[in-house]
Structures are given as structure tokens and as C-alpha cells.
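Shown next, in C-alpha cells, is the structure this report addresses.
Taken together, the values in this text are just the output of simple stated rules run on the coordinates, not laboratory data. As the structure is a computational prediction, the values presented were derived from the model and not from experiment. Note that we place each Cβ from the backbone using ideal geometry, even for glycine, and neighbour counts take in every protein chain shown.
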Amino acid sequence: MTNKRKLKKYINSSCADLLAECVAVSLYSAKTNDDNVKALMFSILKLESCFIRRISHPEPGMKAKTYFKDLIDKFHAGVNETIDQINNFN
């Protein structure tokens with residue numbers, strides 16, 4: 001990522017795609033539980049909010065390049081975990 005603005009847009013669009021996929025699975029799958037879907041949607045929103053906040057307030061004393069690389073890696077891990085949870089609805 002070249003700057004914070006593009007990183008925030010990337011996180012927002014990724015989380016929007018996850019929410020759309022979650023809604024689609026809940027509508028088209030016969031065996032989904034509404035409480036599980038709501039909890040997953042809440043966790044997606046929490047993931048987005050947490051990482052957007054972390055972009056705006058980096059940790060002091062840490063090099064910017066390593067901080068943002070770590071942030072992106074942790075975001076990808078969270079996205080992969082969420083995708084696995086969406087796949088378990090089917």
C-alpha cells in the first residue's frame with residue numbers, strides 16, 4: 001500500500017465484500033441460523049473498525065514499514081478466518 005488512505009479504502013472494500021457474501025449465504029442457504037449470521041456480521045464490522053483505527057494511530061517506537069506490514073498480515077489473517085466461518089454456513 002502506498003499510503004494510509006488507500007489502505008483504509010482497501011480495508012473498507014474488503015469488509016464490504018465480506019458482509020455482502022455473508023448476506024448472500026444467509027439468504028440462499030436453508031440451514032443458517034440468524035443469530036450466527038448476526039454475530040458474524042458484527043465481527044466483520046468490528047474487524048473493520050479495529051483496523052481502521054489502528055491505521056490512524058500507529059504504535060509509537062515502531063518503524064512505520066514494519067508496523068503496517070504487520071497490520072496488513074493480521075488483517076489478512078482475520079479475513080481468512082472470516083471466510084472460513086462463512087464457508088462453514090454451507
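Here are the numbers for this structure:
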quantity	calculated
At R0 = 35 Å, FRET efficiency that the Cβ-Cβ distance of LYS65 and GLU21 yields, to 0.05	0.65
Total charge dipole magnitude, the chain, about the Cα centre, Cβ charges on Lys, Arg, Asp, Glu only, Debye to nearest 20	640 debye
Largest-first principal axis extents of the Cα set of the chain (Å)	49, 19, 16
Longest site-free stretch - the chain; sites: trypsin sites (Lys or Arg not before Pro), DSSP loop, at most 15 other Cβ within 10 Å	32-62
Normalised contact order of the chain, rounded percent, pairs of Cα under 8 Å and 6 or more residues apart	40 percent
